[in-house]
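Pasting in a structure now, in structure tokens, and then I'll have a few things to ask.
The values are calculated or read from the model by the stated rules, or taken from the named source; none is laboratory data. If you're wondering where the values come from, they're calculated on a predicted model, not measured in any experiment. Here Cβ is always computed from backbone atoms with ideal geometry, including for glycine, and neighbour counts include all displayed protein chains. Surface areas here come from the heavy atoms of the whole protein model, side chains and all, with no ligands, DNA or RNA. Shrake-Rupley method; radii C 1.70, N 1.55, O 1.52, S 1.80 Å.
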Amino acid sequence: MENIVTLYHGSSSIIERPKFGKGNPRNDYGLGFYCTESIELAREWASSDRAGGYANTYSLDASSLYVLNLSDGAYGILNWLAVLIDNRTFLIDNPIASEAKEYLAAWFLPDVSAFDAIVGYRADDSYFTFAQDFLNNTISVRQLGRAMLLGLLGKQFVLKSEKAFRLIEFVESEAVDGEVYYAKRRKRDMDARADYLDRERHTARIDSDIYMIDILRQGMRQGDARLQ
């Protein structure tokens with residue numbers, strides 16, 4: 001059965017043929033081609049400055065692809081964080097955060113090597129800050145999960161394998177007005193930060209919230225009911 005997915009990629013240029021093995025290996029999910037199923041998000045991602053760029057549209061038959069969806073019920077926020085830590089560079093402020101990185105990698109990092117594509121949160125500047133706060137024991141697991149919904153930054157669909165790159169087909173490209181979408185991009189990120197600072201960082205439940213220090217001390221691992 002066909003599973004045709006329409007994907008969008010925001011860029012400073014028109015990309016008709018994404019190239020396997022090219023790009024930044026320190027992105028959220030490592031080396032790959034980063035897309036979204038939202039044309040509006042792609043337009044914003046194309047506007048890293050007021051010069052704007054292009055929103056490229058693609059069609060992908062994903063029916064034969066092995067896709068890791070970090071947002072489905074089989075995975076939790078700590079699995080997403082473990083993958084992020086494995087690829088991105090984090091500022092480590094204290095010994096807890098340093099030990100946390102090693103612990104999450106050991107017990108919550110899924111093996112992504114066999115997958116053709118990955119679906120999961122995109123760690124924009126604000127989301128990356130939330131993740132760092134959790135590692136530094138500032139917010140709880142519950143607060144991190146809620147924070148990831150702020151700003152509606154959406155999810156990304158990342159092509160990882162040669163097979164996935166062979167199957168993606170370019171449809172069209174449109175020029176993006178950077179004056180309009182750079183402002184939208186900044187507003188979305190600032191709104192997420194504002195909501196986080198105004199609400200989430202001040203909603204700790206002392207009697208029930210679980211922090212990184214609790215996970216370390218109590219040896220919580222994948223599947224622990226306390227983390228659900």
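Taking Ile4, is it more than 14 Å from Phe157 (Cβ to Cβ), open to solvent by 30 Å² or more (accessible area, probe 1.4 Å) and in contact with a strand residue (DSSP E or B) (Cβ under 9 Å, 6 or more places away or on another chain)?
Considered against the rule, which asks whether it is more than 14 Å from Phe157 (Cβ to Cβ), open to solvent by 30 Å² or more (accessible area, probe 1.4 Å) and in contact with a strand residue (DSSP E or B) (Cβ under 9 Å, 6 or more places away or on another chain), Ile4 comes out as no.
Pairs, please: C-beta under 8 Å, at least 6 apart or cross-chain, first residue open to solvent by 60 Å² or more (accessible area, probe 1.4 Å) and in the range 183-196, second of a type in the set (Lys, Arg) and in a helix (DSSP H, G or I)?
Lys184/Arg43
Of the conditions (1) in contact with a strand residue (DSSP E or B) (Cβ under 9 Å, 6 or more places away or on another chain); (2) surrounded by 11 or more Cβ atoms within 10 Å (Cβ to Cβ); (3) part of a loop (DSSP other than H, G, I, E, B), Ser13 satisfies every one except a single condition; which number is it?
With respect to (1) in contact with a strand residue (DSSP E or B) (Cβ under 9 Å, 6 or more places away or on another chain); (2) surrounded by 11 or more Cβ atoms within 10 Å (Cβ to Cβ); (3) part of a loop (DSSP other than H, G, I, E, B), Ser13 is out only on (2).
Pairs, please: C-beta under 7 Å, at least 6 apart or cross-chain, first residue closer than 27 Å to Leu41 by Cα and in the range 108-123, second charged (D, E, K, R) and buried (at least 20 other Cβ atoms within 10 Å of the Cβ)?
Here the result reads Phe115/Lys160; Asp116/Lys160; Ala117/Lys160; Ile118/Lys160; Arg122/Asp28; Ala123/Asp28, each pair linking the range 108-123 to a residue that is charged (D, E, K, R) and buried (at least 20 other Cβ atoms within 10 Å of the Cβ).
Also: Please go through the range 203-228 and pick out each residue that is among the acidic types (Asp, Glu) and touching an Asp or Glu at 6+ places or on another chain (Cβ under 9 Å).
Taking the range 203-228 first, the residues among the acidic types (Asp, Glu) are 207, 209, 214, 224.
Hits for the range 203-228: nothing passes.
Just give me the residues in the range 150-160 being modelled with pLDDT of 95 or more and small (Gly, Ala, Ser), in sequence order.
The answer is none; no residue qualifies.
Output the residues belonging to the range 16-50 that are basic (Lys, Arg) and assigned to a loop (DSSP other than H, G, I, E, B).
Of everything in the range 16-50, those that are basic (Lys, Arg) and assigned to a loop (DSSP other than H, G, I, E, B) turn out to be Arg17, Lys19, Lys22, Arg26, Arg50.
Sticking with this one: Which numbered condition trips up Leu216, out of (1) loosely packed, with under 14 Cβ neighbours inside 10 Å; (2) on the phi < 0 side of the Ramachandran plot?
Result: Leu216 fails condition (1) only.
Select, from Glu44, Glu40, the only residue that is among the acidic types (Asp, Glu) and crowded, with 23+ Cβ neighbours inside 10 Å.
Glu44
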